[in-house]
Amino acid sequence: MSTRRPASTASLQDWLSYLETAHSKPIDLGLERVKAVASSLALTFPFITITVAGTNGKGSTCAMIDAILLASGYKVGLYTSPHLIDFNERIRVNGEYASDADITEQFDKIEDARGEVTLSYFEYATLAALLLFEREQVEVAVLEVGLGGRLDAVNIVDADCAVLTSVDIDHADYLGDTREKIGWEKAHIFRPGKPAICADPMPPESVAQYAQEIGADLWRFGQDFNYSGDRQQWSYGGRGRRRSGLAYPSLRGANQLINACAALAALDALRPHIVVTQQDVRLGLSQVALPGRLQILPGVPTIVLDVAHNPHAAAALGQNLDNMGHFTGTHAVVGMMKDKDVSAVIARLASRVDHWYCASLPEPRGMSGETLAQIVRQVLATRSQSNDSVAPSERTRITAAGGIINEPAEVPGIRPVMQPPVAARAVTVSNFENPLHAFAEAQKQMSGNDRILVFGSFATVGPILNGLGRPVN
């Protein structure tokens with residue numbers, strides 16, 4: 001990798017290689033450096049901004065807001081992270097990925113403006129997106145917060161509306177090891193006097209306390225907005241607004257209803273600056289797509305892809321797998337980063353998997369397939385003999401926080417189809433040098449009515465999607 005500034009005509013890949021080594025730390029939370037460069041760039045953020053933070057559900061909520069706004073005819077900028085296959089996925093204008101030339105042009109401007117200040121990879125990406133959104137004169141910018149909230153680069157923007165999707169344990173080394181600490185960090189995307197949407201049904205007290213402390217207009221799921229429904233349709237209710245007869249979002253998973261509620265609450269909170277009709281909502285939710293989130297590929301065999309990489313997301317994935325109907329066996333291809341709670345993730349899915357294919361991911365953060373396989377074996381050896389690896393008290397919290405539908409009071413008529421635990425069958429565990437090799441072996445070993453589950457890091461799901469020739473747009 002080059003540490004010398006690329007030429008203005010350099011390729012996007014050359015720039016990205018440079019950005020990976022341009023700063024001393026891959027993750028360096030703090031706003032001073034990125035604020036200084038934003039000031040040098042004279043960024044003014046002349047658009048309505050919606051920031052979205054949370055442990056899980058950020059990407060889905062951003063995608064729904066974007067899809068509804070596009071259906072309404074607004075010019076929208078969408079910034080998300082990380083990417084599955086190509087960096088361009090992170091920056092969209094009006095539903096289209098930014099071109100290589102558009103992105104490298106912004107990187108070149110950032111290099112001219114930063115002087116002696118060094119920036120992380122994510123900070124370069126954030127500034128490039130904001131620059132491009134200004135150049136393209138978008139009307140609304142939807143910005144996904146990368147890590148936490150308080151010290152994340154996206155938080156240099158004073159959002160017109162902030163959304164907090166969920167709060168659970170992840171990135172504990174940076175955000176704290178309790179939901180209270182993590183909630184406090186994430187709540188710092190709220191702004192005084194501005195709408196602050198909290199979609200976690202059981203948020204830590206620190207979220208409401210911080211909102212009250214700064215005078216944010218807090219909207220709480222279950223109090224200020226909610227949903228109801230049956231097998232055919234669902235309805236949203238908010239402050240003085242009800243949207244009935246809605247088709248379920250095209251994104252799969254019971255938890256997507258809470259994400260859809262968060263999106264609608266944010267748009268309602270921004271009235272009259274943003275106006276969306278009932279038909280705009282219907283069209284947007286029917287067209288929204290987000291690869292790698294409970295993505296089920298068409299055809300045989302059944303292939304399920306999900307970037308679940310923390311316990312909260314893995315619990316939701318497990319419940320959604322249960323709802324898919326009966327399969328003879330499940331072959332799981334998994335790759336994880338070292339800084340995740342890998343044992344807890346595996347435990348959430350252990351009763352649902354027959355064959356494990358553990359893949360190595362690139363250093364420095366990637367875990368080796370061999371180490372991952374050892375953890376899987378340890379979890380399998382020590383987990384309880386109950387029908388579910390999640391204790392009842394924990395299941396209650398995960399269910400509420402993740403919006404998993406398992407009670408008629410939440411969505412009448414919809415109940416999960418619980419699968420029998422994997423207990424009597426022999427479970428196999430093997431390791432491979434990369435996700436593609438692991439997936440190829442899973443394809444060889446499966447038979448009959450088996451399914452393949454690919455989950456874990458974006459660096460696991462992305463290469464397999466790419467190898468299958470599946471586009472991400």
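The values are calculated or read from the model by the stated rules, or taken from the named source; none is laboratory data. As the structure is a prediction and not an experimental result, all values here were calculated from the model. Glycine gets a Cβ as well: all are built from the backbone with ideal geometry, and neighbour counts include every protein chain shown. To get the accessible areas, we keep the full protein, side chains included, count just its heavy atoms, and leave off ligands, DNA and RNA. Shrake-Rupley method; radii C 1.70, N 1.55, O 1.52, S 1.80 Å.
The set of residues in the stretch 36-68 that are of a type in the set (Ser, Thr, Tyr) and without any contact (Cβ under 8 Å) to a residue 60 or more places away in the chain contains only SER39. Taking first residues from the stretch 98-125 that are over 20 Å from VAL138 (Cβ atoms) and partners that are among the polar types (S, T, N, Q) and crowded, with 18+ Cβ neighbours inside 10 Å, the Cβ contacts under 7 Å between residues at least 6 apart in sequence or on separate chains come to PHE122/SER81. For the stretch 17-36, the candidate set comprises residues that are within 28 Å of GLU139 (Cα to Cα) and within 27 Å of the chain's Cα centre (by Cα); within that set, the residue that is least open to solvent (accessible area, probe 1.4 Å) is VAL34. Considering the stretch 272-296, and only residues there that are of a type in the set (Gly, Ala, Ser) and crowded, with 18+ Cβ neighbours inside 10 Å, the residue that is nearest to MET64 (Cα to Cα) turns out to be GLY284.
If only residues of the stretch 157-189 that are out of contact with any Gly (no Cβ under 6 Å at 6 or more places or on another chain) and among the basic types (Lys, Arg) are counted, the one that is nearest to ASP341 (Cα to Cα) is ARG179. Residue count for the stretch 221-237 satisfying the condition of being closer than 11 Å to CYS261 by Cα and in a strand (DSSP E or B): 9.
Scanning the stretch 297-341 for residues that are under 17 Å from the mean Cα position of the chain (by Cα), β-branched (Val, Ile, Thr) and either open to solvent by 30 Å² or more (accessible area, probe 1.4 Å) or within 30 Å of GLY245 (Cβ to Cβ) (or both) turns up just one, VAL304.
Would a scan of the stretch 397-410 turn up a residue that is part of a loop (DSSP other than H, G, I, E, B), surrounded by 16 or more Cβ atoms within 10 Å (Cβ to Cβ) and modelled with pLDDT of 90 or more? So far as the stretch 397-410 goes, no, none of its residues is part of a loop (DSSP other than H, G, I, E, B), surrounded by 16 or more Cβ atoms within 10 Å (Cβ to Cβ) and modelled with pLDDT of 90 or more. In the stretch 53-92, which residues are buried (at least 22 other Cβ atoms within 10 Å of the Cβ), over 20 Å from ASP306 (Cα atoms) and aliphatic (A, V, I, L, M)? Within the stretch 53-92, ILE65, ALA67, ILE68, LEU69, VAL76, LEU78, ILE91 meet the criteria.
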